[in-house]
Structure formats: structure tokens, C-alpha cells
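Everything below concerns the one structure shown next.
The values are calculated or read from the model by the stated rules, or taken from the named source; none is laboratory data. Just so we're clear, the structure is a prediction, and the values are computed from it rather than from any experiment. FYI the Cβ positions are ideal-geometry reconstructions off the backbone, even for glycines, and counts take in every protein chain you see.
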Amino acid sequence: MGWKSKAGTALASHESERDFFLDLVERFARQDRVFFLELLIDETVIASVVHFAAGNVSYAFKLGWDPNLSRGCPGFQLKAQTLFQAQQLLPHMKIIDSCACPGSFIEHIWADRREIAPHIFLTSRVAHIACSMLGSIKWIRDRGCQFFHLTRGQHDADC
């Protein structure tokens, strides 16, 4: 549903990505390392997010919400409830990584966020060239996404 479906980036948009996700969830579930958090109205799910656990750290993945209720910010509400009830819901977790991009609506909820920056140590000239090329490709991709969203009037934030 929503802008991800229209843009073709929703997991259900591509059979191979959906199958990968289902396989991933199944494998993590066998080890009790995956859980879903949901926001409900009566018995209807209006927002959900899957978390993958690694030790005492949980990584949020694929927040989604009913676009018909977007004015009520269900994604925001779900993340806020997660924060407020984390001690009761997830007592064994020491860190919950929102996996959100800078500027995300999450910054309005989780004031104690900490940015984790990846580092790559290149040990050869070939690796340096490959990394430079990858950086250029990502820059082109990001500019293309920005252009696409600007021309289509689509947004990637809940509120």
C-alpha cells in the first residue's frame, strides 16, 4: 500500500524480494531472533515493523502503515509506543536501532539517538577504486531518487 507500492519499492512489489524476506523471517524465527510490533485499532493492524535481534540489540526493518490513516501518523505512533513501552515489551534489549536515515521522523521521538557511522579500511588500490566507483553510483542513485520523488510529489516520511 502507499507510496512504496506506487514507487515499486515495497517488498511485495517483487516476488524475489518478498521470498527473500519470508525466508529471512523464517530463519530468524527458528532462532527466536525476529519479532513484529504492531499498532491496532480494534483487531485491525494499522502499522507494523519487523525487528531482527542480534544478541541484546534489535534492528528495525520495514516500518509500514495504512496510508488511509496517514493523517493520524500511525508509523510515528507505533515508534513512540515502542519507545515508551520498551522496558516492558523488550526488557532483554539494550539497544533498539531504528535503522532510520538522518532527518527521519524518528528524530522527533528518540532524543537519545546515537549515530553509528560505518568505516571501511581499504587495503589495496583495486579496493580503493571499487569503493570510489560505488560512492559515485550511490550519489547518482540518490539524486535520481530525489528527482523521482520531487517530480512525483511522493514522500518517504510518515509525517
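The figures follow:
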quantity: First in the stretch 51-73 and within 20 Å of VAL34 (Cβ to Cβ) and touching a residue at least 60 places away in the same chain (Cβ under 8 Å), second anywhere and part of a strand (DSSP E or B) and β-branched (Val, Ile, Thr), Cβ under 7 Å, 6 or more apart; calculated: LEU63/VAL49; TRP65/ILE46
quantity: Unique residue being modelled with pLDDT of 80 or more and either over 15 Å from the mean Cα position of the chain (by Cα) or under 28 Å from GLU26 (Cβ atoms) (or both) when the list is ILE106, ILE116, ILE41; calculated: ILE41
quantity: Unique match (being closer than 22 Å to PHE61 by Cα, out of contact with any helix residue (DSSP H, G or I) (no Cβ under 9 Å at 6 or more places or on another chain) and either at pLDDT below 70 or not aromatic (Phe, Trp, Tyr) (or both)) among GLN146, GLN154; calculated: GLN146
quantity: Which numbered condition GLN88 misses (of (1) closer than 22 Å to SER13 by Cβ; (2) modelled with pLDDT of 80 or more); calculated: (1)
